[in-house]
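Data first, discussion second: the structure below is written as structure tokens.
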Amino acid sequence: MTEQKNRRDWTPDEEVKHQLELAEQRAQWERNRAAEAEQRKREEKQARLGAYLKRRGEAYLDHTGSPPPQHVLEGWQMDYLSEVEAEEQREREAKLKAAEQEHYSF
């Protein structure tokens with residue numbers, strides 16, 4: 001059985017090596033966390049699109065008595081994506097304007 005050194009007995013090189021290992025572990029954890037957050041964001045966007053198309057499809061079915069054709073679903077999807085993109089653009093512009101106002105307020 002190998003004897004493990006007490007941390008207070010480490011040489012400076014061992015301490016630096018340990019700190020570098022910890023930093024790499026933290027960086028990897030942060031990369032994993034960011035990737036998981038991106039995945040959740042994609043899944044949430046997909047779920048919102050699915051819910052939107054489901055509501056529209058149910059309304060279409062109630063109105064016509066038949067499910068919507070594929071080209072109608074595709075049109076709704078394109079409309080939804082265009083609306084989402086426009087909203088995201090408005091949010092980016094608002095953030096940029098706020099940042100500019102903050103920057104020039106000094």
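The values are calculated or read from the model by the stated rules, or taken from the named source; none is laboratory data. This structure is a prediction, so every number in the text was calculated from the model and none was measured. Cβ atoms come from the backbone with ideal geometry, glycine included; neighbour counts cover every protein chain shown.
The single condition from (1) surrounded by 10 or more Cβ atoms within 10 Å (Cβ to Cβ); (2) at pLDDT 95 or above that residue 17 fails is (2). Among residues of region 45-65 being part of a helix (DSSP H, G or I) and small (Gly, Ala, Ser), the one that is farthest from residue 82 (Cα to Cα) is 59. Considering only region 59-88, state which residues are under 18 Å from residue 48 (Cα atoms), free of Cβ contacts under 8 Å to residues at least 12 places away in the same chain and not hydrophobic (A, V, I, L, M, F, W, C). Passing the criteria: 74, 75, 79, 82, 83, 85, 87, 88.
Among the residues of region 47-63, those identified as surrounded by 10 or more Cβ atoms within 10 Å (Cβ to Cβ) and not charged (D, E, K, R) are 47, 49, 50, 51, 52, 53, 57, 59, 60, 61.
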